[in-house]
Structure formats: C-alpha cells, structure tokens
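Following: one structure in structure tokens, then a few remarks.
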Amino acid sequence: MPKGSPLPKHVAIIMDGNGRWAKSRGLPRVMGHQAGIQSVRTAVETAREMGIQVLTLYAFSIENWKRSRLEVATLMNLLDEYLSKELPTLLKNQVGLSVIGRIEGLPAKIQRHLKEVIAKTRPGAKMILNLALNYGGRAEILDAVRAIGEEVAGGTLNAGAIDETVISRHLYTRGLPDPDLLIRTSGELRVSNFLLWQISYTELYITPTLWPDFKREHFVDALLEFQRRERRFGAEGT
Ligand code: FPP
C-alpha cells in the first residue's frame, strides 16, 4: 500500500456475478453462490488485515425473493452454514458481525443464528462485518421516515428539527460511518438499491471480475485505486 493516502474506513461490496460464473462453467447457478462463499472469506480476511473498520456485503436484497425457491433456499442455507463455520475465525480475528435490512422478514432460524453470532462476536471487535440481508435502500429510507413520523406524532421530535443527522440516525446503518468505497463486481454499472442515502460521496469501483474470482489481489487493487482518487466532497479542486 502506498504510504500517506488514507485507506477507506468503510468498504461496501455488491457481490455480483455468481450466476454468470456458474453458467460459464456449465454449472447450476447455486454452485456460483457456493463458490462465492470463498470470496466472502477472503474479503473479510483481507479487510481485517488492511485495518478496514467496516466491511458491508450485499448478501441478499429484498428483490432476491423473486428468484427460484431453490436459489433462495440455497442462499439461506449458505448463510446459515457460513455463520456456523466462520464463528471461530471471526472470534479469532476479532471480527464482529452486524446486519442491516428487514431482518424480521428472514426465516426464524436464521434470525436466531444471526443474533447468537452477533452477541458472541461484537464484544471487543476490531472490525465490523456488516451483512445486508433482506435489504433495500428505498425500504431503509421508508422505514426511517416511518420511525421519524411516529416520533413527530408522539411529540418526542419536532418536525423542524429533522436534519440529515436525524435521518442518518434512523437508518439501519446508524452508528456506522458512510462507505468511502463501493466495489461492484462483474461489470454492471448500477447501484441496485444499495445504501442509497449513504453513498452520496462514496468512491465507486467497478470491476469486470466475477464475485467468485474476486480474490485478495483484486481487493488490494481496489484499495490502491481508492488511494489514488482525490476526494473533494463537492468542494473545488486544488
Ligand atoms: C449476485 O450474483 C449475488 C447474490 C445475489 C448473492 C450473494 C451471496 C453470496 C456470495 C453467498 C452468501 C453470502 C454470505 C455472506 C454468506 P448473481 O446471482 O446475481 O449473479 P449473476 O448476475 O451473474 O446472475
């Protein structure tokens, strides 16, 4: 890593291309997701090693329920398996689990498992692995607006006092910094309803590499590219 330029504190990843990876090998789509798990492990390990504070992974969107029953079941099983298998590694590496999304819409078994792993891994964590599950950016903003509306109706919040900080505090990501870098694999030039409020000033990095092929060196390349960017947050350049 070049010295001097800061690394991102928060990296978010849209892990795309599992289906295409499988198709290109003549394999069923679900095998692409299975292969994608190894890239999840590598990304978590690399982020921790690089001293990144928060890694958010888009693991299951609200729209993903439209996929076949087999694919949805496979993704849920892979998540369950990941939580069981990775727990010792997360503890060893001091990685704490966190989740964003409509968690109450996930199968009860998964919800229990997530709660258990969060409770075990969060104390003393040096990095947050934040999984977006049953997540949608518009749904997140909608849920925040409803919660704010209830506070206003209940008299605990003055409508005139609603500002950007109040909105941020009602999002699922409350307490986390906004992402500095958003990586999307497999070349699609879309945001796909991910962290809509939080990515206002986020640097975008889109790579043609499919998620199952996204390894340590690809992650490091994205971080190096981030370090070369000049972030101005709307101010004039030098
Ligand atoms: C997009 O590929 C990927 C997903 C919808 C799911 C990502 C899930 C995993 C990598 C595994 C579960 C994650 C964890 C954290 C345990 P796609 O199927 O849309 O690919 P395509 O665009 O090529 O069809």
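A short reminder: the numbers here are calculations on the coordinates, not readings from a lab. Computed from a prediction, not measured in an experiment: that's the story for all the values here. In this analysis, Cβ positions are derived from the backbone assuming ideal geometry, glycine residues included, and neighbour counts consider all displayed protein chains.
Points to keep in mind about this one:
- Residue-wise HN-Hα coupling along region 147-164, computed from phi with Karplus coefficients 6.51, -1.76, 1.60 (Hz; x: Gly, Pro): 5, 5, x, 5, 5, 5, 4, x, x, 8, 9, 8, 3, x, 8, 6, 9, 4
- Amide H within-cut-off set for Met15, under 5 Å, with H built and near neighbours excluded: Tyr58
- In a reduced charge model with +1 at each Lys and Arg Cβ and -1 at each Asp and Glu Cβ, region 95-143 shows a dipole moment near 200 debye about its Cα centre.
- Between the amide H of Leu210 and those of Ser186, distances stay under 5 Å, these residues lying 5 or more places away or on another chain, with hydrogens modeled in the peptide plane.
- Peptide ranges 167-180, 109-122, 220-233, 45-58 listed from the most packed, as the mean C-beta count within 10 angstrom indicates: 45-58, 167-180, 109-122, 220-233
- Translational D in µm²/s for region 118-238 (Stokes-Einstein at 37 °C, 0.692 mPa s, Kirkwood Rh from C-alpha pairs): 192 µm²/s
- Less than 5 angstrom separates the built amide H of Ile100 from those of Leu131, Ala132, Leu133, all sequence-distant by 5 or more or on a different chain.
- Packing around the peptides 153-162, 82-91, 204-213, taken as the average count of other Cβ atoms within 10 Å per residue, puts them in this order, highest first: 204-213, 82-91, 153-162.
- Ordering of 62-68, 135-141 by packing [mean C-beta count within 10 Å, highest first]: 135-141, 62-68
- Between Ala43, Ala35, Ala147, the residue with the greatest mean-square fluctuation in the GNM of the chain (Cα pairs under 10 Å linked by springs) is Ala147.
- When only alpha carbons are used to place a centre, region 7-26 and region 155-210 end up 19 Å from one another.
- Relative contact order (%) - criterion: Cα under 8 Å, at least six apart; region: the chain: 30 percent
- For region 83-165, fraction of C-alpha pairs farther apart than 17 Å, in %: 59 percent
- Computed over the chain, the quotient of the alpha carbon radius of gyration and 2.2 N^0.38 Å is 1.04.
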